[in-house]
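This report refers to the structure that appears directly beneath it.
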Amino acid sequence: MAVPEARPNHTIYINNLNEKIKKDELKKSLYAIFSQFGQILDILVSRSLKMRGQAFVIFKEVSSSTNALRSMQGFPFYDKPMRIQYSKLDSDIIAKMKGTFVERVKKERKKPKAPEPPPVKKAAPMVQAVVGQMAGMQPGMQQGMQQMSQASRMMHMQGQGAYMHPSGMMGGMGPGGMGPGGMGPSQMMPGQMPLMQPLENPPNHILFLTNLPEETNELMLSMLFNQFPGFKEVRLVPGRHDIAFVEFDNDVQAGAARDALQGFKITQTNAMKISFAKK
């Protein structure tokens, strides 16, 4: 059954997420699969009982959130299909950009009136003394209960550094068909011999990934490559966090994934380098 779409918004609301996944790992995985659609301003995940299995992803552009909603609706994420819809309201960070942000006013609960002690007969001085002690204790007890009940129910949005997939980077080739740092003939010194560019490995159904950040894990890479036909598995190298292998059914499918994800930034500083593995 299709989820009815509300008015397009910069923020998408996701539910039916696996509640067993830790907060930090969930945020990294959500960023890994949604950053391909555009610049992400923030990802909000709460571990409170009321908000478990839910998250908000805030994009800079509405077109990015629209593409993400349509492309990832029902995507199997940690063995559960995601349910995605537009957020009903603008997030704080978007409202501030639009100039429509209004500070939320928290309603203070009215203090319950302390019940008046029942009238006591003069013939019972011991009972009067006990009631007097209880009446003196009630204000302190009320103050303690009030402090315990004042818990923040709203999740404030933090200005995280925004990461973005490098648009237009296909195949890792520089302008003019030269590799990064390549030198054209017109830039060579007189008498200088042109340098031989290293030959690329022949097509292979296994890809070799380098320049991966330290926090990379098998699940994160599987999320990235699972969207391409023919994906089989990810293999990490023990003792090395910066390299990995990804296997496909054939070299054509592996080449398509390589061209699409070449230079993808898992973090702001690490652009992934992908080549065919040596046979």
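What follows is calculated from the coordinates using simple rules that are stated; it is not laboratory data. Just so you know, these numbers come straight off a predicted model, no measurement behind them. As a convention, Cβ positions derive from the backbone with ideal geometry for all residues, glycine included, and neighbour counts pool all protein chains shown.
General observations
- Between residue 39 and 60, 61, the built amide H atoms are under 5 Å apart, and every one of these is 5 or more places off in sequence or on another chain.
- Formal net charge of residues neighbouring residue 202 (Cβ-Cβ distance under 15 Å; K, R +1; D, E -1): +1
- Positive minus negative residues near residue 232 (Lys, Arg vs Asp, Glu; Cβ under 15 Å): -3
- Dividing the convex hull volume of the alpha-carbon atoms in the range 213-279 by its residue count gives 88 Å³ per residue.
- Cα centroid separation - the range 34-55 against the range 235-260, whole Å: 27
- Sum of side-chain charges, residue 39 neighbourhood, beta-carbon under 13 Å (Lys, Arg +1; Asp, Glu -1): 0
- Each residue, residue 226 and residue 85, gets one label point 7 Å from its Cα in the Cβ direction; the gap between the two is 2.4 nm.
- Above-threshold pairs, the threshold being 25 Å between Cα atoms, out of 232/273; 60/80; 20/60; 23/273; 27/60: 60/80; 20/60; 23/273
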